[in-house]
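Trainee: After the C-alpha cells below, expect a handful of questions from me.
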Amino acid sequence: MLVLGIESSCDDCASAIVQDDQRILSHAIHSQIDTHREYGGVVPELASREHLEKIVPVIETTLKKAHLCFNEIQGIAVTYGPGLVGSLLVGLSAAKAISFALDVPFIGVNHLEGHLMAIFLEENHPSFPYLGMVVSGGHTSLYIVRGYGDYRLLGQTRDDAAGEAFDKVAKLLGLGYPGGVVIDRLALEGNPSAFQFPRAMHSQDTFDFSFSGLKTSVVYFVRRYGEAFVKDRLRDVVASFQEAVVDTLVTKIIQAASFYGIRSAVVSGGVAANSRLRKKLIEKAVESGLSVYLPSPALCTDNAAMIAAIGYYYLSQGRSSPLDLNADADLCL
Ligand code: KG4
Ligand code: ZN
C-alpha cells in the first residue's frame, strides 16, 4: 500500500510517501524558519498562511520525486494534533480533500505517536516493550511503549519542554531562532563543566521533568556576571546549560529503565537531534546495559515520514477516520 503522509502541526510543511511502514519512497519539506526568525519564535497566524501556500507544492514535489501520480496513492495519513490549530487545519483539510477526491481512506495521526514510532523507519529498531521519550519544542514526555497504540505515560514536563528551554535560552542570549541547533553547534567548542546550572527533579520518586528553573537560572547568571562576561564565555555558558538539560534527560531514562526493568529505550523529537544528548545517552546506556535507539536527526525533527509510517500501520489494520475529524491542538496520547 502506498500511503501519503502530511505534517503541518507547527512550522514545517512536510509530506512523504511510504510503501510499507518502514520504506520511505520520497519526502519533501518546506521549513518556515526564515519567516519566523525575525520574531524569535513561531507566529501561529503566519505559520498557517504559509502552510496554505506551500502544502500543495510540497505534496506535488513528493509525488514527483517518487515518480507517482495522485491516483496511485492508496491511503493518506495526517497529523491532527497536538499543535497549532490553524496549521493543523491546513494539513487536515488537504488530506480530507485528497481522500474525498481519490476515494481512498485517510487517518488522523497523533504527532507524538509519530515521534515515538519514528524509530521503525530505521533498520535498527527495538522490540516491544521499550521506553519512549519524546523531547521536542512542545513536549518532554516519557512512556512505556508496549505496542502500537499501547502507551503508558510515566512522566512529563511540569512547565517548559526541553526544546522550549533551548529556544528561550538562545533568545535570551541573542543567538536567534531556532535555539536548539545554534546551542548544539556553539557548545561543541565549549566546556560543559565550566558553570553549574541546576538539574531539577533528579530524585527517583518521579519521572516528571521541569526546565523553567534552569531557564531562570540562566537569566540570573546573565544578571550576575553581566553581558560582556557572558559574551566572552558564550561557548562555555551554552555548553554548561546544554549539559544540565542532557544530564536531566539521560538520568531520567536510566532511572526509569532500572525501575521498570526495561532493556531498550528510544529517544525522539527535535531535541533528540542534539549531538551531546546522543553521545551521552549512548555512553551512559552502555554503562547500565541499556540498548538505546535514536532515529537519524532528520527523523527526530518534524517530518511527514513518521506520520505516513504510523498511518500505514493503522490503515493496513482497516482503520480510518471520518471526514468530520477535527484538528485538536491539545490532543493527548
Ligand atoms: O520535534 P520538533 O521538530 O518540533 C516539535 O514537535 O516541537 O522539535 C523542535 C525543537 C525546537 O525547540 C528546537 O530548538 C529543538 O527541537 N531542536 C534541538 C536541536 N534540533 C532541534 N534542540 C537541541 N539540539 C538540536 N540539535
Ligand atoms: Zn514534533
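The values are calculated or read from the model by the stated rules, or taken from the named source; none is laboratory data. Just so it is clear, the structure is predicted and the values come from calculations on it, not from any experiment. Every residue, glycine among them, receives a Cβ derived from its backbone with ideal geometry; neighbour counts consider all protein chains shown. Note: accessible area is taken over every heavy atom of the protein model, side chains too, but ligands, DNA and RNA are not part of it. Shrake-Rupley method; radii C 1.70, N 1.55, O 1.52, S 1.80 Å.
Trainee: Based on the Cβ-Cβ distance from TYR260 to GLU53, what FRET efficiency comes out when R0 is 30 Å, to the nearest 0.05? Provide the component values of the computation, followed by the final result.
Mentor: Values: r = 46 Å, r/R0 = 1.53.
With a Förster radius of 30 Å, E is 0.05.
Trainee: While we're looking at this one, here's another question. What does a probe at LEU68 reach in the stretch 87-109, counting residues whose amide N is under 18 Å from the point 7 Å along Cα→Cβ?
Mentor: 92, 94-109
Trainee: Once the principal axes of the Cα atoms of the stretch 71-181 are found, what is the range along each, listed largest first in whole angstroms?
Mentor: Between the extreme Cα coordinates on each principal axis of the stretch 71-181 lie 50, 35, 26 Å.
Trainee: Still on this structure, please answer the following. Return, ordered by residue number, the residues of the stretch 59-92 whose backbone nitrogen is under 20 Å from a label point located 7 Å along Cα→Cβ of MET1.
Mentor: Those under the cut-off are 63, 68-81, 92.
Trainee: Another question, then. Under 16 Å from a label point 7 Å along Cα→Cβ of TYR220: give me every residue in the stretch 176-208 with its amide N that close.
Mentor: 195-201
Trainee: Which GluC sites (Glu not before Pro) in the stretch 35-69 pass both tests, a DSSP loop state and at most 16 other beta-carbon atoms within 10 Å?
Mentor: Passing both the DSSP loop test and the Cβ count: GLU38.
Trainee: I want the antiparallel fraction of DSSP beta bridges within the chain, as a percent rounded to 5.
Mentor: Close to 60 percent.
Trainee: Here's something else I'd like to know. Write down Rg/Rh for the stretch 255-333, rounded to two decimals, with Rg from the C-alpha atoms and Rh from the Kirkwood relation over Cα pairs.
Mentor: The Rg/Rh ratio comes out at 1.08.
Trainee: Based on the Kirkwood radius over alpha-carbon pairs, what value in µm²/s does the Stokes-Einstein equation return for the translational diffusion coefficient of the stretch 127-294 at 4 °C and 1.567 mPa s?
Mentor: 81
Trainee: Round to the nearest 0.05 the FRET efficiency obtained for ASP150 and SER193 when R0 = 51 Å and r is the Cβ-Cβ distance.
Mentor: In this case the efficiency is close to 0.80.
Trainee: What residue among VAL292, VAL230, VAL271 shows peak mean-square fluctuation when the chain is described by a Gaussian network model with Cα springs under 10 Å?
Mentor: Answer for the Gaussian network model of the chain: VAL230.
Trainee: What distance in nm separates the simple spin-label points at ARG185 and SER291, each placed 7 Å from Cα in the Cβ direction?
Mentor: Computed distance between label sites ARG185 and SER291 equals 3.6 nm.
Trainee: What would the Debye formula give as log10 I(q)/I(0) at q = 0.14 Å⁻¹ for the alpha-carbon point model of the stretch 222-295, no solvent?
Mentor: At q = 0.14 Å⁻¹ the computed log10 ratios are -0.52.
Trainee: Please give the helix 275-288 orientation as an angle from the longest Cα principal axis of the chain, in degrees from 0 to 90, rounded to the nearest 10.
Mentor: 80
Trainee: Here is a further query. With every protein chain left in place and a probe of 1.4 Å, what is the accessible surface of GLU287, to the nearest 10 Å²?
Mentor: 140
Trainee: Using DSSP, restrict attention to beta bridges with both residues in the stretch 127-294 and report what percent are antiparallel, rounded to the nearest 5.
Mentor: On the way: 12 of 20 bridges.
Restricted to the stretch 127-294, the bridges split so that about 60 percent are antiparallel.
Trainee: Considering Cα pairs under 8 angstrom that are at least six residues apart, work out the relative contact order of the chain and quote it in whole percent.
Mentor: About 25 percent, as a whole number.
Trainee: Can you compute the helix-only [θ] at 222 nm over the chain? Use -39500 (n - 2.57) per DSSP H run of at least 4 residues, normalise by all residues, nearest 500 deg cm²/dmol.
Mentor: On the way: 12 runs with 149 residues, N = 333.
The per-residue figure over the chain is -14000 deg cm²/dmol.
Trainee: Binning every alpha carbon pair distance of the chain at 20 Å from zero, what are the percents per bin?
Mentor: Over the chain, the share of Cα pairs per 20 Å bin runs 33, 56, 12, 0 percent.
Trainee: Taking the stretch 144-251, which GluC sites (Glu not before Pro) meet the DSSP loop condition and have no more than 13 other C-beta atoms within 10 Å? Before the final figure, lay out each step's value.
Mentor: Details: sites: GLU164, GLU189, GLU227, GLU243; in loops: GLU189.
Answer in residue order: GLU189.
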